[in-house]
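The values are calculated or read from the model by the stated rules, or taken from the named source; none is laboratory data. Everything numeric in this text was worked out from a predicted model, so none of it was measured. A quick note on method: Cβ atoms are made from the backbone with ideal geometry, for glycine too, and the neighbour counts reach across all protein chains shown.
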Amino acid sequence: MALVILSIVAAISLAMVSPSEPVDTPAVVAESTSPSPAASDPGGGVPEAQPRIVNPISGKTTRELDFPVTVEVPEETAVKRKDLRLWIKRGGDSLGHVDQPKSGGTVVVPSVRVAEGLNEITAVLGGPNGLGPSSEPVLINVDREAPELAITAPKDKAEVYDATVTVEGTSEVGAEVLIKNATTGSTRKERVGPSGTFGAVIKLKRGEDNKIVATSVDEAGVAQSARVQVTRLDGRPVIKLKRIPKVRRASLPDEIKITATVTDEKGKPLGDVSVDFSLGGADRITISDSIYTNAKGKAVWKPSVAASSSTTDQLLLSVTATSPDSGKTRTVDAEIELQ
């Protein structure tokens, strides 16, 4: 009985499977025989050496837009020399380069062109796979503007009596100022202080128009010049004596007339100037007097000449005047003939 039941169950199970439907079997994937594409070999690595800019030094100010840069390049082992390039950069901009630089020493990049103003430059080695470590940045300031310069003293076309004059002015702090008297060739150098001022004493040539030139040169080497003219006056008055006729011995004692005209060195009459007269001679008593000039610069003295046993043939006259402007004096001597 049990055997019969088992046979019935088996028959029912076989009837439920349709002979027209295929049985699913796992798909078998064929292994590919073609190799995967390999990454292309660029032919080198990335530089490992970090260069250092040794010239110019950081903080330098220059007027040049194009200049050489010296770089210290350590020994580079990661990239062959034939694949190396040394770059000078400002940010992402390339300013200059050298192909196949030799490592383990210094390399000069002959032409690095920057811009006016502040430039931060670096050096870096490049290879086929990219750039190595950059150097420490170096700051270069390009200043092409001439420094401001003004001579504040003396004024142009000034007239002085002294042998020297103090040249004062203003310019860029730190600039070097060369002050030259082009008339005499004498020079002085001064550094502009924190106040922006400078000053130097310059010798003057008397009786000449002294041409004073101040030239200021800033840290970048840019120059600016200013000029003034200073005339050093002699300062001594000019005395002219009117011709004095001969004095007859037989007429003595007698009054004679002496006229002196006093002007400055440019011929301008000097009024109200005290003129000292003195008249004497061998074996004679000297007489003297002071007379003030009039508005035309004239002083007239009328001394009385006494008779004398002196046998000399001349009276000796001395006239001295002092300039009211310079305080300097001049003395003129003359002889009055006796007959």
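The table that follows gives values for the structure above.
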quantity: Test: residue 72 is among the acidic types (Asp, Glu), surrounded by 15 or more Cβ atoms within 10 Å (Cβ to Cβ) and either modelled with pLDDT of 95 or more or in a strand (DSSP E or B) (or both); calculated: yes
quantity: Filtered residues of segment 142-190 (kept if of a type in the set (Lys, Arg) and either closer than 30 Å to residue 112 by Cα or exposed (fewer than 14 other Cβ atoms within 10 Å of the Cβ) (or both)); calculated: 144, 155, 157, 189
quantity: Where a residue in segment 292-318 is in contact (Cβ under 8 Å) with a residue 12 or more places away in the chain and its partner, wherever it lies, is surrounded by 13 or more Cβ atoms within 10 Å (Cβ to Cβ) and among the aromatic types (Phe, Trp, Tyr), with Cβ under 6 Å and at least six apart; calculated: 301/277
quantity: Total residues in segment 295-309, condition surrounded by 14 or more Cβ atoms within 10 Å (Cβ to Cβ) and in contact with an Asp or Glu (Cβ under 8 Å, 6 or more places away or on another chain); calculated: 4
quantity: Members of segment 90-127 that are in a loop (DSSP other than H, G, I, E, B) and surrounded by fewer than 16 Cβ atoms within 10 Å (Cβ to Cβ); calculated: 91, 92, 100, 102, 104, 115, 116
quantity: Elements of type strands (runs of 3 or more DSSP E) contained in segment 182-254, each with 2 or more residues being farther than 30 Å from residue 305 by Cβ and out of contact with any Pro (no Cβ under 6 Å at 6 or more places or on another chain); calculated: 187-191, 197-203, 209-217, 223-232
quantity: In segment 271-285, residue modelled with the lowest pLDDT [restricted to those that are assigned to a loop (DSSP other than H, G, I, E, B) and either in contact with a Leu (Cβ under 7 Å, 6 or more places away or on another chain) or farther than 20 Å from residue 306 by Cα (or both)]; calculated: 281
quantity: Filter result (touching a Ser or Thr at 6+ places or on another chain (Cβ under 6 Å) and either more than 22 Å from residue 268 (Cα to Cα) or assigned to a strand (DSSP E or B) (or both)) within segment 291-339; calculated: 292, 298, 299, 300, 318, 320, 322, 329, 331, 333
quantity: Counted residues, segment 216-231 - those being charged (D, E, K, R) and closer than 26 Å to residue 326 by Cβ; calculated: 1
quantity: Failed item in (1) surrounded by 14 or more Cβ atoms within 10 Å (Cβ to Cβ); (2) farther than 23 Å from residue 234 by Cα, with residue 202 passing the rest; calculated: (2)
